Amino acid sequence: MVSVCKTLMAGAVVLTLGAEVAAATTVHATSITVGSTTATTATNTTTRSDLGNALGASNAYQSGNVFGGFYSLGLGGSAVFGFGTNFGAPGSVIEVTAGSRSAHPESLLVEALNVVTGLWENLGAITNQGSTGLTLAVSLNLTPGAAYSLLRLTDTSEVRSGRDGWDIDSISVSAVPVPAGGLLLLGALGGLAALRRRKTA
């Protein structure tokens, strides 16, 4: 009986993890909240204060000296992002730097709201130093195996004249289908209960 129970439990865990990995898909931010303002529609404008520019897939562009398709957090600014689902690793933010990255160093604090604990986790700082292209994909350092509901990004760039902080083109994370895995686990536990009833009968 014990070996049957162990086998069922192991199978439930494998099925749960397998379903979550197989069903995990990349999703982009669907909402952004700054202060009391929330945007849920992706846009592609030349206005750096347009919240919608940070939503959806990457769409930053450069035409001559005109740059668009991104949202600037502002020095010390912060924004909270939703993805329409619980999410986990891997994840990345597409940052825009118009000009030399070494001459425009920017940094960002990443925090995520853990679904299980209900607490914001500090996932560390990231910088825009790297590739020389207009955009740069930077890992969000999400904890593998953890599930989150919201992401908070706060600009921590050095204050310099003429700077407007971290420029967000888009954010992507991996969807975590927690309900599906939970249903599989509940089914396995139901099977265990049935076996116990059979033994006592």
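Answer yes if at least one residue in segment 7-29 is within 25 Å of Gly145 (Cβ to Cβ), at pLDDT below 70, surrounded by 13 or more Cβ atoms within 10 Å (Cβ to Cβ) and of a type in the set (S, T, N, Q), and no otherwise. Among the residues of segment 7-29, at least one is within 25 Å of Gly145 (Cβ to Cβ), at pLDDT below 70, surrounded by 13 or more Cβ atoms within 10 Å (Cβ to Cβ) and of a type in the set (S, T, N, Q), which makes the answer yes.
If the condition is being assigned to a strand (DSSP E or B), more than 19 Å from Glu106 (Cα to Cα) and not small (Gly, Ala, Ser), then segment 35-73 contributes Thr37, Thr38, Tyr61, Gln62, Val66. Here Gly84 qualifies as open to solvent by 50 Å² or more (accessible area, probe 1.4 Å), on the phi > 0 side of the Ramachandran plot and at pLDDT 90 or above. On inspection, Thr97 passes the criterion of being modelled with pLDDT under 95, open to solvent by less than 10 Å² (accessible area, probe 1.4 Å) and not hydrophobic (A, V, I, L, M, F, W, C). Just to be sure before I move on: is Arg160 part of a loop (DSSP other than H, G, I, E, B), out of contact with any Asp or Glu (no Cβ under 8 Å at 6 or more places or on another chain), open to solvent by less than 20 Å² (accessible area, probe 1.4 Å) and modelled with pLDDT under 90 in the structure I sent? Taking the combined requirement at face value, the residue does not satisfy it.
If you scan segment 99-128, which residues turn out to be among the small types (Gly, Ala, Ser) and in contact (Cβ under 8 Å) with a residue 40 or more places away in the chain? Passing the criteria: Ser107, Ala112. Residues that are surrounded by 14 or more Cβ atoms within 10 Å (Cβ to Cβ), at pLDDT 95 or above and under 14 Å from the mean Cα position of the chain (by Cα): does segment 46-55 have at least one? Looking through segment 46-55, at least one residue is surrounded by 14 or more Cβ atoms within 10 Å (Cβ to Cβ), at pLDDT 95 or above and under 14 Å from the mean Cα position of the chain (by Cα).
The values are calculated or read from the model by the stated rules, or taken from the named source; none is laboratory data. Just so it is clear, the model here is predicted, and its values are computed rather than measured. Virtual Cβ from ideal backbone geometry, glycine too; neighbours counted across all protein chains shown. Ligands, DNA and RNA are excluded from the accessible area calculation, which covers all protein heavy atoms including side chains. Shrake-Rupley method; radii C 1.70, N 1.55, O 1.52, S 1.80 Å.
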